[in-house]
Amino acid sequence: MPRTAASPLPLVSPLPRAAGGDRRRATAGAVLRSVLAHGPVARSTVARLTGLSPASVTEHCARLGALGLIREEAAPRRSNGVGRPHLPIDLDTGRFVVGAVHVAVPYTTVALLDLRGRVLVRRELGHGDTDPVRVAARAAEALAALLGRFPERRPLGVGCAVGGWVDREAGTVVEHEPLGWREVPVRALLEDRTGLPVHVDGHARALLHAERLFGRARESGSVLHLFVGNVVDAAFATGDEVHHGPRSQAGAIGHLPVPGGTEPCPCGRTGCLQAELSERTLCRRARAAGVADGTNPMHVVHAAAAGDALARRLLVERARTTGRAAGLLLDVLNPESLVVTEVGVLHFEDCLRALRESAGIHRTATVAPTSFRDSVLAVAGGSVILDVLFRDPLAVSPEAI
Ligand SMILES: [Zn+2]
């Protein structure tokens, strides 16, 4: 939807198709999120949780039920034995799937998720090359094959998560240094090839959506998510609002200087956060130390798990550096929760401890690794479109397709 001059980019981002202040659609999202978090749940409880009137909740539930997004539970809970029994409602996870695409530096992950963010099936596609047209074509082809395995489920659309600077409104990857992508129209490429609605977002924000919808951060009033892979970036939310900023540029922390950093960065400086922490740097240091060959950080994790002290030290040191960056961000944002997606922190308690210590967690923030240890990239992709669904169910409803 084109924006007018009188409608500047909002800090909080209503979905393009919900622009114009359609409050009714937003309240449908509130009802659906309430059912996600508490289902099976009575309509009266949804009314209490959302602050909507019972009549309004009943109306929304009828609409969401007609769309096939929620259903009444079979087991009735009788209300005083009089009149129609009050049936609790829950998400209907059996009818639909969403497609997920996550583009990492060495490979693309494609997957199908249900409405609770559970991964039903996934595949990893190595990049023969990183030409965006061919990456999108391979992802679309693989998604079609996965959908063929679930003929009884209808796809609501595709979410695509990519690292670097992603403009969600435009559906483009503005800049992704390690992939060599600049102004790549990912949404258009995938929509052309899948024939499905596609939503695109940065992967740190995508995982923030996932934590808030399906993960540990559900109860947090404010959350900071730090993603440390080959790309390093951050995302922040207060309440239901994920901060994007103009052109979705928030969270670009890759060139934050790390005190004492020694790695040269493509930007010309030394010791930038992304250069220090990238998986490539970790793997290069591991090769130099004779710990593990290749470019897969999981090989370093496996070596550490097998008792290799050098491997463990490399991971703890990386966690410590991550913690220093986290400490700077915590000072600025003071969130209730910090969620970190980083391989060492995910697998080793002493890495998490090192991160906490160097972040200076004497404040109130809880610090935890990602909730999606075994499926983080698939969940990131799928959560881009699930976030859209749970904000504005009608934007991703079967009627809209
Ligand atoms: Zn730099």
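A full extension of the chain between Asp331 and Ala145 corresponds to an added length of 62.3 nm, given 0.36 nm per residue minus the alpha carbon distance.
Highest average first, the peptides 141-154, 275-288, 372-385 ordered by how many other beta carbon atoms sit within 10 Å of their residues are 372-385, 275-288, 141-154. Packing here is the average count of other Cβ atoms within 10 Å per residue, and on that basis the peptides 109-117, 303-311, 64-72, highest first, run 109-117, 64-72, 303-311.
Counting only DSSP beta bridges whose two residues both lie in the stretch 219-370, roughly 55 percent are antiparallel. Calculated FRET efficiency, His302 to Thr238, Cβ-Cβ distance, R0 = 51 Å: about 0.85 to the nearest 0.05. Could you work out the helix-only [θ] at 222 nm for the chain, with each DSSP H run of four or more residues adding -39,500 (n - 2.57) and the total divided by the number of residues, to the nearest 500 deg cm²/dmol? Computed mean residue ellipticity for the chain: -12000 deg cm²/dmol. The packing ranking, built from the mean of other Cβ atoms within 10 Å per residue, places the peptides 157-167, 242-252, 51-61 in the order 157-167, 242-252, 51-61, highest first. Rolling a 1.4 Å probe over the protein heavy atoms gives the stretch 219-370 an accessible area of 43 Å² per residue.
The alpha carbon convex hull volume per residue for the stretch 219-370 rounds to 114 Å³. The angle between the Cα long axis of helix 309-333 and the main principal axis of the chain comes to about 60°, on a 0 to 90 degree scale.
When only the Cβ of Lys, Arg, Asp and Glu is charged (+1, +1, -1, -1), the dipole of the chain relative to its Cα centre reaches about 800 debye. Each principal axis of the chain carries a Cα extent, and these read 73, 48, 47 Å when sorted largest first. Fully extending the segment from Thr281 to Arg95 would add 62.6 nm, taking 0.36 nm per residue of separation and subtracting the current Cα-Cα distance.
Rounded to the nearest 20 debye, the dipole size of the stretch 267-368 about its Cα centre is 280 debye, using +1 on the Cβ of Lys and Arg and -1 on the Cβ of Asp and Glu. The distance between label points at Arg353 and Leu310 comes to 2.4 nm (points 7 Å beyond Cα on the Cα→Cβ vector).
Annotation for Leu87 and Asp192: the two label points, set 7 Å from Cα along the Cα-Cβ direction, are 4.6 nm apart. Charge dipole of the stretch 188-345 (Cα centre as origin; +1 on each Lys and Arg Cβ, -1 on each Asp and Glu Cβ, all else neutral): 500 debye, rounded to the nearest 20. Between Arg269 and Arg134, the distance separating the two model label sites (each 7 Å from Cα on the Cα→Cβ line) works out to 3.5 nm.
The eigenvalues of the Cα gyration tensor, multiplied by 5 and square-rooted, give the stretch 108-249 an equivalent ellipsoid with semi-axes of 24, 20, 13 Å from largest to smallest. Heavy-atom accessible area with a 1.4 Å probe sorts Arg313, Arg24, largest first, into Arg313, Arg24. In the chain, if the dipole is taken from +1 on Lys/Arg beta carbons and -1 on Asp/Glu beta carbons about the Cα centre, which of Val41, Leu147, Val396 is farthest to the positive end? Towards the positive end, the residue furthest out is Val41.
Since only Cys283, Gly229, Ala74 are under comparison, the one whose Cα sits farthest along the positive direction of the charge dipole of the chain, derived from C-beta charges on Lys, Arg, Asp and Glu, is Ala74. Place a label point 7 angstrom from the Cα of Arg373 along the Cα-to-Cβ direction, then list the residues of the stretch 191-231 whose backbone nitrogen is under 15 Å away. Those under the cut-off are 216. Taking a ≥ b ≥ c as the square roots of the eigenvalues of the Cα gyration tensor of the stretch 22-69, is the shape rounded (a/c under 1.5), prolate (a/b larger than b/c) or oblate? Rounded.
Beta-bridge orientation, the chain: approximately 65 percent antiparallel, per DSSP, counting only bridges with both partners inside. The accessible surface of the stretch 219-370, taken with every protein chain in place and a 1.4 Å probe, is 53 percent carbon and sulfur.
The values are calculated or read from the model by the stated rules, or taken from the named source; none is laboratory data. Here the structure is a predicted model, which is why all the values come from computation and not from measurement. When we count neighbours, we look across all protein chains shown, and the Cβ atoms used for this are built from the backbone with ideal geometry, even at glycine. Please note that ligands, DNA and RNA were not included when accessible areas were found on the heavy atoms of the full protein model with its side chains. Shrake-Rupley method; radii C 1.70, N 1.55, O 1.52, S 1.80 Å.
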